[in-house]
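The block underneath contains the structure these notes are about, expressed in structure tokens.
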Amino acid sequence: MPTMPAFIADLVISPDDRFLYVSNWWHGDIRQYELARNCKPRLVGQVFVGGSILREGPVTVCRDEELKGQPEPLVLKRVYGGPASLQLSLDGKRLYVTNSFYSTWDQQFYPSLIKEGSVMLQLDVDTDKGGLSVNKNFLVDFGKEPNGPCLAHAIRFPGGDSKSVTLP
């Protein structure tokens, strides 16, 4: 039976060094780990925002010790692709994510993403106990751009590189 390993596209550590956030582009999840002093990170939050292992997706999960079943697709807008770039707000309470990795890889693994365009989502972060949730009132749809669907990748605060989407 073939296995589908994780593909970590980005990771971010919170400003207080308490949490690590990881985007898993193939599987479609974003994970929040609490960083302990004993060097044993503990998973405290996880959301699926696309990816290949979604229910009714292109991959059938036969066995996974971490999942009880295949996750449902995100319903704000049908999100294609998997979480790629991450940017954590300065207060650590919001995690922004885009779902385009590289256009050639997007074309190969998520052809619908090329046709529909990418999105930017906001996840709300529980900085007390740990945990992630999709903010259903925040969605930037790059598929609606005037010159056709666009693919958003890197997110950086002002001062980032010139190819980035900047947040106010």
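Going through segment 17-31 one residue at a time, which ones are assigned to a loop (DSSP other than H, G, I, E, B) and either surrounded by fewer than 23 Cβ atoms within 10 Å (Cβ to Cβ) or of a type in the set (D, E, K, R) (or both)? Residues satisfying the conditions are D17, R18, W26.
Taken over segment 92-116, the residue count meeting the criterion of being touching a residue at least 60 places away in the same chain (Cβ under 8 Å) and under 30 Å from T127 (Cβ atoms) is 6. Against the conditions (1) free of Cβ contacts under 8 Å to residues at least 60 places away in the same chain; (2) surrounded by fewer than 18 Cβ atoms within 10 Å (Cβ to Cβ); (3) more than 14 Å from the chain's Cα centre (by Cα), D126 satisfies every one except (1).
Residues in segment 75-90 that are touching a strand residue (DSSP E or B) at 6+ places or on another chain (Cβ under 9 Å) and either closer than 20 Å to G143 by Cβ or surrounded by fewer than 16 Cβ atoms within 10 Å (Cβ to Cβ) (or both): V75, L76, K77, V79, Y80, G81, G82, P83, A84, S85, S89. Among the residues of segment 1-14, those that are modelled with pLDDT of 90 or more and either among the aliphatic types (A, V, I, L, M) or more than 30 Å from Q107 (Cβ to Cβ) (or both) comprise I8, A9, L11, V12, I13, S14.
Of all residues in segment 130-149, those that are loosely packed, with under 15 Cβ neighbours inside 10 Å, at pLDDT 90 or above and in contact with a Gly (Cβ under 9 Å, 6 or more places away or on another chain) total 1. Yes or no: segment 74-97 includes at least one residue that is in contact with a Lys or Arg (Cβ under 8 Å, 6 or more places away or on another chain) and acidic (D, E). No, because not a single residue in segment 74-97 is in contact with a Lys or Arg (Cβ under 8 Å, 6 or more places away or on another chain) and acidic (D, E). The set of residues in segment 33-57 that are of a type outside the set (D, E, K, R) and not in a strand (DSSP E or B) comprises L35, A36, N38, C39, P41, V49, G50, G51, S52, I53, L54, G57.
Per-residue answers, yes or no, for (1) of a type outside the set (F, W, Y); (2) touching a residue at least 60 places away in the same chain (Cβ under 8 Å); (3) loosely packed, with under 10 Cβ neighbours inside 10 Å; (4) touching a strand residue (DSSP E or B) at 6+ places or on another chain (Cβ under 6 Å):
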site	(1), (2), (3), (4)
E34	yes, yes, no, yes
K40	yes, no, yes, no
V44	yes, yes, no, yes
F48	no, no, no, yes
G51	yes, no, no, no
R55	yes, no, no, no
T60	yes, no, yes, no
L67	yes, no, no, no
P73	yes, no, no, no
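Listed here are the residues, each with its yes/no results for (1) among the small types (G, A, S); (2) under 30 Å from N147 (Cα atoms); (3) touching a helix residue (DSSP H, G or I) at 6+ places or on another chain (Cβ under 7 Å).
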residue: L20; (1), (2), (3): no, no, no
residue: D29; (1), (2), (3): no, yes, no
residue: Q32; (1), (2), (3): no, no, no
residue: R55; (1), (2), (3): no, no, no
residue: Y102; (1), (2), (3): no, yes, no
residue: G130; (1), (2), (3): yes, no, no
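The values are calculated or read from the model by the stated rules, or taken from the named source; none is laboratory data. Note that the coordinates shown come from a computational prediction; the quantities given were computed from them, not determined experimentally. For neighbour counting, all protein chains shown are included, and Cβ atoms are generated from backbone atoms with ideal geometry for every residue, glycine included.
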